[in-house]
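These notes concern the structure reproduced below.
The values are calculated or read from the model by the stated rules, or taken from the named source; none is laboratory data. From a predicted model like this one, the values you see are computed outputs, not experimental measurements. Virtual Cβ from ideal backbone geometry, glycine too; neighbours counted across all protein chains shown. Calculation scope for accessible area: heavy atoms of the full protein, side chains included, ligands and nucleic acids excluded. Shrake-Rupley method; radii C 1.70, N 1.55, O 1.52, S 1.80 Å.
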Amino acid sequence: MDNANGTSCIQNSHSSSVIASPDANLGRHLARRLVEIGVEDVFSVPGDFNLTLLDHLIAEPRLKNVGCCNELNAGYAADGYARSRGVGACVVTFTVGGLSVINAIAGAYSENLPIICIVGGPNTNDYGTNRILHHTIGLPDFSQELRCFQTVTCYQAVINNLEDAHEQIDRAISTALIERKPVYISVSCNLPATPHPTFSRDPIPFFLSPRLSSKKGLEAAVDAAVAFLSKAVKPVMIGGPKLRVAKACDAFAELADSSGYAMAMMPSAKGLVPEKHPHFIGTYWGAVGTSYCAEIVESADAYLFAGPVFNDYSSVGYSLLIKREKALIVQPDRVVIGNGPAFGCVLMKDFLSELAKKVKKNETAYDNYRRIFVPEGTPPKPEANEPLRVNVLFQHVQKMLSADTAVIAETGDSWFNCQKLKLPEGCGYVTNKSLTAWYPFYFESLDGKSSCCRYQFQMQYGSIGWSVGATLGYAQSEPKKRVISFIGDGSFQVTAQDVSTMIRCDQKTIIFLINNGGYTIEVEIHDGPYNVIKNWNYTGLVDAIHNGEGNCWTQKVRTEEELIEAIATATGEKKDCLCFIEVIVHKDDTSKELLEWGSRVCSANGRPPNPQ
């Protein structure tokens, strides 16, 4: 609901009531704020500086503590959780915990994910003294952790007194939601239980001023875009990952409907728009994208990119054949047409919606695509008991996908194999009206639509091992969906421990561990003996972690016959278990896309220095 002053507030909020004094403390206030914005699970690793804070967080009946095996995975879990719920939270201890979780927070920053990173800090009496504390680098300066977080969070709050704690907490959380970035909150260890008058009532609902487009700027941008696109003979449109943060997925699909343009998605935007759309032509990823997609995009005389990220990975080593003067680039709050002009203070959602009303229909590029398109073939049928091939694996995985599944792909060859999966209705961009019931002020402009994609991978940051924690967090946020994760053996060795937490939380994920004996993605960029890893008995490891407690089933597969049997068991008899399937394949069994991509990225990495 909008007030006259243009701010948004939670609807049907109950009137504030006085809270009994034992609960009128910082810890309970923080817990209630987390619940209010939609966080029902916090991912934590206990340490002496955060123990009292954890006491008060778990005292909130609507908040569950999910204890993780290490801080890195707690951060990755909050990342995965935020991809579904719109926001996540993790709690760690001072410095040793903070500097361990920071890699995950940096990844969330790169992916525009709001994470509330809470750190238990030193006792208030130690600030301003010359004391040296444990968990530090041995200096009486407690700001090292803060300085590290300043570059990977959009707001930092150090709470070492109660007078402004209420304000700092609320400002940090609201900033995370507005900016779609992580924030850092350090809470002194002796403050969570201390009562204070500012916490004596239920929190007043957040008031967040909505971002608005400049009316004149929007009109000028749309008029200029219409003129630009009207001159084109065969324009196309490509969606990028920032469609999600701009909450513009629906507007992008509406533009595709009204314009008739051929529509493609960048790899990190897969699933943000339904792949069943009649003008969808696949993933635009240069030479390694969907067949015939790059040919249509790069031969166009105008291309509209909505929310793109052009880095060395998404551009396949800077090898995309696109020209700036032909591009209309739409970012979350800015539009640039060709080499100019540029229009600021124009929101992507508003721009795409208005453009859809004025643009002329032009199906030339899509008609050209239909003329040249030849359906993909299927992998040759393996001989009986022939060693399993990766392309055969994903042929069977395709049959597993439904509206009740979600797909998470680890950094590596799974990127390329999962890009070729065809997402069914509900597996990609979906409606989730319960989100607006949790925190309507944040999702008010979505009209009940959740822009969280049911296909997830971390392309910008590309941190190997991310998927284990992200799978934990995503599955925790979506208990009614069955998460299917694809993890390479090298990545799994980085973060394997939190399979334990998945079992403890009774999750029913299916993990395909692809065992090919090393860091395959690194091999295809630049090979060396350092890319070979020690082989583990992965199913044996997970069995040891299981240890007879909880529901877990493991299986090794080496042939198609064994794979078919394992999938049947995982989706049938063991459908309510965590299922861990180790798929053993040849070390050189990779997708053709990885081979091409690796050589181009290698070429980009190996460019000689410019002459001085």
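Things to note:
- In Å², nearest 10: area of K575 left accessible to a 1.4 Å probe: 100 Å²
- DSSP bridge orientation in the stretch 481-612 - percent antiparallel, rounded to nearest 5: 5 percent
- Computed over the stretch 83-242, Cα set: Rg, Dmax in Å: 21.3, 71
- Share of carbon and sulfur in the accessible area of the stretch 76-128 stands at 45%, probe radius 1.4 Å.
- J(HN,Hα) series, the stretch 282-288, from Karplus relation 6.51 cos²θ - 1.76 cosθ + 1.60, nearest Hz, glycine and proline x: x, 8, 8, 9, x, 5, 10
- Scattering curve values for the stretch 182-293, log₁₀ I(q)/I(0), Debye with Cα scatterers, q = 0.11, 0.15 Å⁻¹: -0.59, -0.81
- Mean Cα-pair separation over length for the stretch 162-268, i.e. relative contact order, pairs under 8 Å, 6 or more apart, %: 22 percent
- Heavy-atom accessible area, probed at 1.4 angstrom with all protein chains present, ranks L595, L133 as L595, L133, highest first.
- Cα centroids of the stretch 43-77 and the stretch 116-187: 17 Å apart.
- Using Cβ point charges alone (K and R +1, D and E -1), the dipole size of the stretch 170-310 about the Cα centre works out to roughly 400 debye.
- Of the listed residues E219, E36, the order by accessible area with a 1.4 Å probe, largest first, is E219, E36.
- The portion of the accessible surface of the stretch 276-398 made up by carbon and sulfur, rounded to a whole percent, is 52 (1.4 Å probe; DNA, RNA and ligands excluded).
- K349 - accessible surface, heavy atoms, 1.4 Å probe, Å² rounded to 10: 60 Å²
- Near S44, the amide H atoms lying under 5 Å from its own belong to V66, G67, C68, V91; only residues 5 or more places off or on other chains count, and H is placed 1.01 Å from N.
- A 1.4 Å probe run over the chain, with the rest of the protein chains in place, finds 40 Å² accessible per residue.
- Among Y313, Y81, the sequence by solvent-accessible area, most first, with a 1.4 Å probe is Y313, Y81.
- Where labels lie 7 Å past Cα in the beta-carbon direction, separation of R607 and E386 in nm: 4.2 nm
- Rounded to the nearest 500, the 222 nm mean residue ellipticity of the chain from helices alone is -10000 deg cm²/dmol, with -39,500 (n - 2.57) taken per DSSP H run of at least 4 residues.
- Applying both filters, DSSP loop and at most 13 other Cβ atoms within 10 Å, to the GluC sites (Glu not before Pro) of the stretch 309-389 gives E376, E383.
- Value of relative contact order over the chain, rounded to a whole percent, pairs C-alpha under 8 Å and six or more apart: 15 percent
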